[in-house]
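Reading through the structure tokens given below for one structure.
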Amino acid sequence: MLDQMIFGEKLRNHRKKLGMTQEEVAQKVGVSPQAISKWEAGDCLPDCFNLKAISDVYKISADVLLETESSGNLDAVSGKIEQLATEFTWSMENRDRYNNNLRQELGEDLWEMWKGIYFAEVGNREIQEESKKRGNLRINGAFGTKIWDDDGIACVIKSSLISQLGSFNQSTVEAFEALCSEDGQKLIIALSCDTPTSKQVLIEKTNIDIARLNELLLLFIENRIIEFVEETPPEYKGYMISGHCGIVAYMILAGMYILNKKKYEVSQFINVKIEE
């Protein structure tokens, strides 16, 4: 887990480097001087909103602030990820209070950490560097297959999964075929994973024949790819990507996208844009 004492010491050191008092920092962050004192003493941690405010005041990233001297330890890294994930969840629960930019920044922090872990798993420095230079971010190894790029494509499949796969029933095959169809793609793209979409909006967005749309909706609901949500007020009634098999729909669309790409651009490691 994140070492609160080390974190507090880093906050104090950054403040002193800027020649600021606890009262001055507190005024800029919008908290009491006592809160700054408690954070620096390691008594408690700031929430994600205050952490972002502190990073702005000190002009350093929240990611740097969260690093501790034990960051090379697996437990510390795991704790850091868990801390970010907790803060991200907290920001979602308080979405009425904080704007979407905060959630976006926390999500980007988690994304950057995921990419770092990806490269660490390569296990061979020469292969790692060569892979970065090519921008061809696909790795096959004993653990499995991994892929990611700047456009948001990310996937990790353990090699041991293959031994667990069985035969698919006809309903599953039909669902896959429907997902790969033009109408299936239109429907999935028109849906959200966190906000229900009404049937009327789906008709307007996809221009799919109503009979075909009803057929797809029923098939995808039966296979837990999407779900129908009925809540009050009425505007929250509609269809959305399922938290269960909905990931399959995204994977299929991402797979189609990947098939049309020749190279993968990773700006974090590559200075020159790699043309398609």
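To keep it simple, each residue is scored yes or no on (1) open to solvent by 20 Å² or more (accessible area, probe 1.4 Å); (2) in contact with a Pro (Cβ under 9 Å, 6 or more places away or on another chain); (3) over 11 Å from K10 (Cβ atoms); (4) modelled with pLDDT of 85 or more.
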{"position": "A35", "(1), (2), (3), (4)": "yes, yes, yes, yes"}
{"position": "E40", "(1), (2), (3), (4)": "no, no, no, yes"}
{"position": "L45", "(1), (2), (3), (4)": "yes, no, yes, no"}
{"position": "E69", "(1), (2), (3), (4)": "yes, no, no, no"}
Requested in this report: Go through the stretch 224-276 residue by residue and tally those that are within 14 Å of D194 (Cβ to Cβ), modelled with pLDDT of 85 or more and either touching a Pro at 6+ places or on another chain (Cβ under 7 Å) or open to solvent by less than 30 Å² (accessible area, probe 1.4 Å) (or both).
Outcome: 8
Report task. Considering only the stretch 13-33, state which residues are closer than 24 Å to E105 by Cα and open to solvent by 60 Å² or more (accessible area, probe 1.4 Å). Result -> Q27, K28, G30
Requested in this report: Would you check if there is a residue in the stretch 196-204 being farther than 21 Å from I147 by Cβ and either touching a His at 6+ places or on another chain (Cβ under 6 Å) or at pLDDT below 90 (or both)?
Outcome: no
Query raised in the report: Is there a residue being open to solvent by less than 80 Å² (accessible area, probe 1.4 Å), in a strand (DSSP E or B) and over 24 Å from Y257 (Cα atoms) anywhere in the stretch 200-215?
Result: no
Query - So D194, is it open to solvent by less than 60 Å² (accessible area, probe 1.4 Å) and of a type in the set (D, E) - result: no
Requested in this report: Take the stretch 147-199 and flag every residue that is over 24 Å from the mean Cα position of the chain (by Cα), among the polar types (S, T, N, Q) and either more than 19 Å from A254 (Cβ to Cβ) or assigned to a helix (DSSP H, G or I) (or both).
Outcome: S160, S163, Q164, S167, N169, Q170, S171, T172, S198
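The values are calculated or read from the model by the stated rules, or taken from the named source; none is laboratory data. Note that the structure is predicted; figures quoted are calculated from it, not measured. No Cβ is skipped: glycine too gets one built from the backbone with ideal geometry, and neighbour counts run over all protein chains shown. Surface areas here come from the heavy atoms of the whole protein model, side chains and all, with no ligands, DNA or RNA. Shrake-Rupley method; radii C 1.70, N 1.55, O 1.52, S 1.80 Å.
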